[in-house]
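*Asks:* Please see the structure below; I have some questions.
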Amino acid sequence: MKVACLGMGWWSDVLADAIQRSKKMTIAACYSRSVEKREKFAAKYGCRAAASYEAILNDRSIEAIINTTPNGVHRETTLAAAAAGKHVFLDKPIANTIADARAITDASRRAKLVLALGYQRRRESHFRWIKEHINEFGRLVNAEANISRDRLGKIDLSSWRYTAEGMPGGVMLQIGIHYTDVLEYLLGPVKAVSGRFVRLVLPGDNPDVASLVLEHENGALSTLNASYASASEYYLLNLYGKEASAYYDFHQGLRFLKRGAAKAEPVNCQKNDPIVEELEEFAAAVRGHAEPEMDGERSTASLAVLLAGILSAKEGRRVEVKEILA
């Protein structure tokens, strides 16, 4: 399957590297408004640097767009792809607003095209293991998660990723959304959110530390802390059930504890390649052999959880997700 990469930010390279590892897709072309970026990308991945997005859309040999453009132009670029009959793999979040998310989803559906969203964290082998054994936990009651990175001295204030306009909610929308997704994947949908957002260390106008309390529809509570102001990269997710608990962290891997056991036992989860897996699922969906795990509807619901947290932090109140989706 021939694809074109759109955006040419650093994440375009991550996805292009995964495409090359997969070998189930071929990068035929790329486009960025920056001539330097697209020519550099084209040289690195052996593809054509298109002179315009329209040139890619008019190329009938290209079946799909790998879209890593800024959140604020996801609607414009994806609707153009739909009008040209191109399937789209879109980096999360689907958009910055529910209106844009719905427009993207509706356009793809009307054109009978595949829309898949990049939420690779849920595919990591430790979370897949927990999901496969979820019935052993009994009633799920609580979870705690943390996703942190050190961005001190690494912030480019000219980048949309670090501005309130380009990335509302700052660190929580940019990386925290991965773990709100994992929490919903494991504990079920979220019905209400309470949030707090602050800027403590980094320059700019966007939060670098954020916390959410999530109320799941099954009654369980979970918490998520996200930070760009920590000393190092770190990930943690502990899941507590009436009969068993699982503990995952970046350094120790996954451990599992059953009721009555003296200590948590390590679980040997073979490292997988989640980005390759989601791209190959996308390719299979284009061929009619699969359905995207994260499609437009699910990604719109995921965005609504984050927007509820952002509104909660702004207004100092608990916000129900249905209010955001109304």
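Each value in this text was obtained by applying a stated rule to the coordinates, not by laboratory testing. Please read these numbers as outputs of a predicted model, since none were measured by experiment. Ideal geometry is used to build each Cβ from the backbone, glycine not excepted, and the neighbour counts take in all protein chains shown.
*Asks:* Measure nothing fancy, just the Cα-based angle from helix 177-187's long axis to the longest principal axis of the chain, in degrees from 0 to 90, nearest 10.
*Replies:* 50 degrees
*Asks:* Checking the a/c ratio against 1.5 first, then a/b against b/c, what shape does the Cα gyration tensor give for region 258-300?
*Replies:* prolate
*Asks:* Tell me the GluC sites (Glu not before Pro) within region 134-242 that lie in a loop according to DSSP and have at most 13 other beta-carbon atoms within 10 Å.
*Replies:* Here the sparse-neighbourhood loop sites are 165, 217.
*Asks:* Which cross-chain or sequence-distant (5 or more) residues have an amide H under 5 Å from the amide H of residue 97, H modelled 1.01 Å from N in plane?
*Replies:* Long-range HN contacts for residue 97: none found.
*Asks:* Also, quick follow-up: Compute the helix-to-body angle for 74-83: its Cα long axis versus the longest principal axis of the chain, expressed 0 to 90° and rounded to tens.
*Replies:* Long axis of 74-83 versus the principal axis of the chain: about 50 degrees.
*Asks:* Something else about it: What do you get for trypsin sites (Lys or Arg not before Pro) in region 12-79 restricted to DSSP loop and a cutoff of at most 15 other Cβ within 10 Å of the site's Cβ?
*Replies:* 23, 24, 33, 60
*Asks:* Which residue fluctuates most in the GNM of the chain (Cα springs below 10 Å): 203, 274, 292?
*Replies:* Of the options given, 203 has the highest mean-square fluctuation.
*Asks:* Same structure again: Only four residue types carry charge here, +1 at the Cβ of Lys and Arg and -1 at the Cβ of Asp and Glu. Report the dipole size of the chain about the Cα centre in Debye, rounded to the nearest 20.
*Replies:* With only Lys, Arg, Asp and Glu charged at Cβ, the dipole is about 220 debye.
*Asks:* Further, regarding this structure: Are there chymotrypsin sites (Phe, Trp or Tyr not before Pro) in region 243-303 that DSSP marks as loop and that have at most 15 other Cβ atoms within 10 Å, and which are they?
*Replies:* Details: sites: 247, 248, 250, 256, 282; in loops: 250.
When the chymotrypsin sites (Phe, Trp or Tyr not before Pro) of region 243-303 are filtered for loop state and at most 15 Cβ neighbours within 10 Å, 250 remain.
*Asks:* How long is the gain from residue 54 to residue 262 if the chain were fully straight, where each residue apart is worth 0.36 nm and the alpha carbon distance is subtracted?
*Replies:* Working: separation 208, 0.36 × 208 = 74.88 nm, distance 6.25 nm.
My answer for the length gained is 68.6 nm.
*Asks:* Could you tell me which of rounded, prolate or oblate describes region 197-293, using a ≥ b ≥ c as the square roots of the eigenvalues of the alpha-carbon gyration tensor, with rounded for a/c under 1.5 and, failing that, prolate when a/b is larger than b/c and oblate otherwise?
*Replies:* On the way: a/c = 1.63, a/b = 1.04, b/c = 1.57.
It comes out oblate by the Cα gyration axes.
*Asks:* Find the relative contact order for region 145-281 and round it to a whole percent, using C-alpha pairs within less than 8 Å whose residues are 6+ positions apart.
*Replies:* About 24 percent, as a whole number.
*Asks:* Where the only charges are on Cβ atoms (+1 Lys, Arg; -1 Asp, Glu), what is the dipole of region 93-177 about its Cα centre, to the nearest 20 debye? Intermediate results must be reported in sequence, preceding the final value.
*Replies:* Details: 14 positive and 9 negative charges, 63 e Å.
With only Lys, Arg, Asp and Glu charged at Cβ, the dipole is about 300 debye.
*Asks:* Explain nothing, just the number: relative contact order of the chain, from Cα pairs under 8 Å at least 6 residues apart, as a whole percent.
*Replies:* 19 percent
*Asks:* Given the chain, report the % of alpha carbon pairs whose separation exceeds 32 Å. Don't skip to the end; give the middle numbers.
*Replies:* Working: 15762 of 52975 pairs.
When every Cα pair of the chain is considered, 30 percent fall beyond 32 Å.
*Asks:* What ³J(HN,Hα) values, in whole Hz, does the Karplus curve 6.51 cos²θ - 1.76 cosθ + 1.60 give for region 133-149 when θ = phi - 60°, with x put for Gly and Pro?
*Replies:* 10, 4, 5, 6, 7, x, 5, 7, 10, 6, 8, 9, 9, 8, 10, 9, 9
*Asks:* How much of the calculated P(r) for region 38-155 lies past 23 Å, in percent of all Cα pairs?
*Replies:* That fraction is 51 percent.
*Asks:* Quick one: net charge around residue 100, please, counting Lys, Arg +1 and Asp, Glu -1 for every other residue with C-beta under 13 Å from its C-beta.
*Replies:* On the way: positive: 75, 102; negative: 76, 106.
So the surrounding residues net to 0.
*Asks:* Using Cα springs under 10 Å in a Gaussian network model of the chain, which residue among 206, 142, 272 shows the largest mean-square fluctuation?
*Replies:* Result for the chain, Cα springs under 10 Å: 272 fluctuates most.
*Asks:* With the Cα gyration tensor of region 61-124 giving a ≥ b ≥ c as the square roots of its eigenvalues, does the rule (a/c under 1.5 for rounded; else a/b larger than b/c for prolate; else oblate) give rounded, prolate or oblate?
*Replies:* Since a/c reaches 1.5 but b/c is at least a/b, the shape of region 61-124 is classed as oblate.
*Asks:* Filter 24/191; 131/263; 2/322; 154/263 down to the pairs with a C-alpha to C-alpha distance above 30 Å, please.
*Replies:* 24/191; 2/322; 154/263
*Asks:* Mark the label point 7 Å from the Cα of residue 20 along Cα→Cβ and return the residues of region 27-51 whose backbone N is within less than 14 Å of it.
*Replies:* Flagged as within label range: 27-28, 40-48.
*Asks:* Another question, if that's okay. Give the calculated FRET efficiency between residue 152 and residue 205 to the nearest 0.05, with a Förster radius of 22 Å applied to their Cβ-Cβ distance.
*Replies:* The value I calculate is 0.85.
*Asks:* Provide the net charge surrounding residue 222, with neighbours chosen by a C-beta distance below 13 Å and charges set as Lys +1, Arg +1, Asp -1, Glu -1. Each step should come with its number before you reach the end.
*Replies:* Working: positive: 191; negative: 144, 181, 184, 215, 217.
Net local charge, residue 222 excluded: -4.
*Asks:* Measure nothing fancy, just the Cα-based angle from helix 274-286's long axis to the longest principal axis of the chain, in degrees from 0 to 90, nearest 10.
*Replies:* 60 degrees
*Asks:* Can you give the local net charge around residue 123? Use residues other than it whose beta-carbon is closer than 13 angstrom to its beta-carbon, Lys and Arg +1, Asp and Glu -1.
*Replies:* Combined, the nearby Lys, Arg, Asp and Glu give -3.
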